[in-house]
Amino acid sequence: MFESFFSRVATAPISWGVCEVPGWGHQLSPERVLSEMHSLGFTKTELGSAGWLPSAPDELTELLAANELSLLAAFIPLVLHDPAQREQALQQAAEAADLLATAGAVYFNTAPVTSAGWEPRRDYSEAEWSHLYEMLGLIDDMCEAKGLTQVVHEHYGCVVETAEEIRRVLDNTNTSLVLDTGHFAVGGEDSLEIIAKYPDRIGLVHLKDTKLEVAEQLVNGELSLMEAVQAGLFPSLGKGDLPLADIVRQLEKTGFAGWYVIEQDCAIAGIIPPPSEGPVNDVADSVTFLRALEV
């Protein structure tokens, strides 16, 4: 069973500091990051922030193939709660789905953001939530027509962040979920409880370990997300406080057949680490942790 499990483990550029959040740290070059991904044995990756990799499907697949990689998914930030932005959001979703489908991806990771500029969170009306649910249904249909699976990505600072908001989406839509162990922990959700209650709604898993003390500082407003990440919010797998081995084992027991992504957000500020140093070593530690699991 172990080999079957690890053959479904992918990676993501955010583990090398490549992120769509405005004002994030230094973005390493695609050539370096993809080469280091390949050196660790990965065969699939997520896309990374808009513009970091080519937007033309042929160029994208060629660049990935040069490093023996293919595309798994992409994080797509969309404003889904605002009826005034309905057509714009659907157009953005259609363009992203076209790229992902043509490039051979599996998942469309929808992140319902507060605004295009990631404005601070606020309370949303029932009408806004209802519009968000409707939009997720429309994107489900769009993705299904293109052979993609839409998964909602809960995320700190986004519309779907807390345990209550995660349950709202699960209880009011048919859309699958990204079980992001780190953002679940930050939002006060229990991964094992969600696996037990909603086993058929988990489409994709993002594996993050989390330092709960740093998460508390983030939630309390003592640190920004980037400051928390730089303070070690999401360390290498096995070096934080989450029961990741239990989470993986429970998922496998339920028959989960989707993909896992090692996604330990980092932000690079100051001196850029030389090639084969820095983030690649942290990801290597996570690979070692997963290979040691008995599942």
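Computed from the coordinates by the stated procedures, all read-outs in this text should not be read as laboratory data. If you're wondering where the values come from, they're calculated on a predicted model, not measured in any experiment. Cβ atoms come from the backbone with ideal geometry, glycine included; neighbour counts cover every protein chain shown.
Odds and ends about this structure:
- Separation between Cα centres of the stretch 243-268 and the stretch 5-22, rounded to whole Å: 13
- Take 90-98, 31-39 and order them by the average number of nearby Cβ atoms within 10 Å per residue, most first; the result is 31-39, 90-98.
- In the set [x] 49, 43, 42; [y] 60, 53, 33; [z] 78, 45, 33, the label that goes with Cα extents along the principal axes in Å computed for this structure is [x].
- Across the chain, Cα pairs under 8 Å and at least six residues apart give a relative contact order of 20 percent.
- Centroid-to-centroid separation of the stretch 274-290 and the stretch 102-125 [C-alpha atoms, Å]: 28
- Peptides ranked, highest mean first, by Cβ atoms within 10 Å: ranges 220-227, 263-270: 263-270, 220-227
- Summarising the amide proton neighbourhood of residue 10: residues at separation of 5 or more, or on other chains, whose placed amide H is nearer than 5 Å comprise 260, 261, 262.
- Straight-distance crosslink candidates among lysines, where the alpha carbon sits under 16 Å from residue 239 and sequence neighbours closer than 8 are dropped: 208, 211
- Sum of -39500 (n - 2.57) over DSSP H runs of 4+, divided by residues of the chain (222 nm, nearest 500): -12000 deg cm²/dmol
- When each of the peptides 206-217, 125-136 is scored by how many other beta carbons lie within 10 Å of its residues on average, the order from highest to lowest is 206-217, 125-136.
- Scalar couplings 3J(HN,Hα) for the stretch 209-215, obtained by applying the Karplus form with A = 6.51, B = -1.76, C = 1.60 to θ = phi - 60°, are 8, 8, 8, 5, 5, 6, 4 Hz; x denotes Gly and Pro.
- Multiplying the residue separation of residue 116 and residue 39 by 0.36 nm and removing their Cα-Cα distance gives an extension gain of 24.2 nm.
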